[in-house]
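Comments concern the structure below.
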Amino acid sequence: MRRRFKLRFRVAASFAAFGAALSLLLAIGLYAAAHDVGQRLIDETLHAELEDYIARRARNPQSLPPASVTLRGFVEDGSESAGDTPLAVRNLTAGRHEVELNGIPYRVGVVERDGARYILMFNETRQRVRERRFLGYLAAGVAAMTLLSALGGSWIAGRAISPVSELATRVA
């Protein structure tokens, strides 16, 4: 025989399911928006840094490309320093690309100008750590909203069902 749940439990479960679905949908939207904004900021950084380096190199051809924890730059202009460029990025076309070198994710910007190829690599490790942390916050928020929806649904169900229960008791 199939077990039937009380009406109060079914109403509370419906509230919890609705709260979970709504908060999950919101969390997915927030994560997608945050990821998109992060990628756009990285692309803007790559563009600005490439333009700045190209302008510096026009003033001083001996100017070295950016080399920091986050950014690594390379110039291929037919000189012997072009051999320093990692193989994974040598044949990339102009534009933005995703590349992984030695287990490290990079967003790569490539520009061809005045017979030279300018390559700038942005280390995305920190950005991905921030995104994972944000995803954890969103998951905790979804769990909290589901719990609050269940508690609120139980309370509302108790208030809404009590007149019906009282009537059933009197009729019995």
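The values are calculated or read from the model by the stated rules, or taken from the named source; none is laboratory data. Only a predicted model underlies this, so the values are computations on that prediction, with no experimental measurement involved. Ideal geometry is used to build each Cβ from the backbone, glycine not excepted, and the neighbour counts take in all protein chains shown. Heads up: the accessible areas ignore ligands, DNA and RNA and are worked out on the full protein's heavy atoms, side chains in. Shrake-Rupley method; radii C 1.70, N 1.55, O 1.52, S 1.80 Å.
Name the residues of segment 14-44 whose amide N is less than 12 Å from a point 7 angstrom out from the Cα of residue 134 along the C-beta direction? Zone members listed by number: 28-42.
Amide H to amide H, with H built 1.01 Å from N, residue 124 comes under 5 Å of 106, 107, counting only residues 5 or more places away or on other chains. Normalised by 2.2 N^0.38 Å, where N is the number of residues, the C-alpha radius of gyration of the chain stands at 1.83.
In this structure, residue 170 and residue 33 have a Cβ-Cβ separation that, at R0 = 45 Å, corresponds to a calculated FRET efficiency of about 0.25.
The accessible surface of the chain, taken with every protein chain in place and a 1.4 Å probe, is 62 percent carbon and sulfur.
Maximal additional length on extending the residue 63-residue 47 stretch stands at 4.0 nm, based on 0.36 nm per residue less the C-alpha distance. Loop-located trypsin sites (Lys or Arg not before Pro) in segment 1-56 (DSSP state other than H, G, I, E, B) with a sparse environment of at most 11 neighbouring Cβ atoms within 10 Å: 2, 3, 4, 6. Nearest 0.05, what FRET efficiency do residue 70 and residue 7 give at R0 = 45 Å with Cβ-Cβ as r? Here the calculated transfer efficiency is 0.20.
Report, to the nearest 10°, how far helix 125-171 tilts away from the longest principal axis of the Cα atoms in the chain, using its own Cα long axis and a range of 0 to 90°. Approximately 10 degrees, to the nearest ten.
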